[in-house]
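All remarks here apply to the structure that follows.
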Amino acid sequence: IELIGKRWTGAIVCALTERPMRYAELGKAIPGLSDRLLSQRLRELEEEGLVERQVEAGTPVRVTYSLTRAGQELDPVLSELKTWAKRWKKAA
């Protein structure tokens with residue numbers, strides 16, 4: 001809970017549930033997230049085994065981030081949280 005509850009972590013995981021993304025794509029998908037914090041959160045998610053980093057050799061080097069199986073299993077949980085948030089946002 002502490003990991004997913006950190007600022008921007010849920011947004012990163014939600015973005016990656018749609019498809020694997022490169023770093024710049026993730027930055028654009030989550031407005032307001034700084035590069036420094038994006039790097040930090042991706043590193044934390046990698047260390048916890050929720051995100052996988054794939055490096056394609058070439059010039060320039062291409063790095064793609066995707067959810068691991070454990071990360072993908074968060075999708076139903078996050079979907080329920082989105083539903084709850086929408087329901088209560090409308091009620092407020």
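Please treat every number below as a calculation from the coordinates, not as lab data. Please read these numbers as outputs of a predicted model, since none were measured by experiment. With ideal geometry, Cβ positions are generated from the backbone for all residues, glycine too; neighbour counts draw on all protein chains shown.
Looking only at segment 46-81, filter to residues that are more than 18 Å from Arg22 (Cβ to Cβ) and touching a residue at least 12 places away in the same chain (Cβ under 8 Å); which one of those is farthest from the chain's Cα centre (by Cα)?
Per the criteria, the residue is Leu81.
In segment 78-88, is there at least one residue being among the hydroxyl-bearing types (Ser, Thr, Tyr), assigned to a strand (DSSP E or B) and either under 16 Å from Ala15 (Cβ atoms) or touching a helix residue (DSSP H, G or I) at 6+ places or on another chain (Cβ under 6 Å) (or both)? No: segment 78-88 contains no residue that is among the hydroxyl-bearing types (Ser, Thr, Tyr), assigned to a strand (DSSP E or B) and either under 16 Å from Ala15 (Cβ atoms) or touching a helix residue (DSSP H, G or I) at 6+ places or on another chain (Cβ under 6 Å) (or both). Within segment 47-67, the presence of at least one residue that is farther than 22 Å from Ile1 by Cα, surrounded by 10 or more Cβ atoms within 10 Å (Cβ to Cβ), hydrophobic (A, V, I, L, M, F, W, C) and in contact with a helix residue (DSSP H, G or I) (Cβ under 8 Å, 6 or more places away or on another chain) is confirmed. A Cβ distance below 8 Å, combined with a sequence gap of six or more or placement on separate chains, defines the contacts here; from segment 1-30, residues that are within 20 Å of Pro76 (Cβ to Cβ) reach residues that are assigned to a loop (DSSP other than H, G, I, E, B) and of a type in the set (D, E, K, R) in the pairs Leu3/Glu48.
One residue alone among Arg22, Arg36 is touching a Ser or Thr at 6+ places or on another chain (Cβ under 8 Å), over 19 Å from Glu80 (Cβ atoms) and among the basic types (Lys, Arg), and that residue is Arg22.
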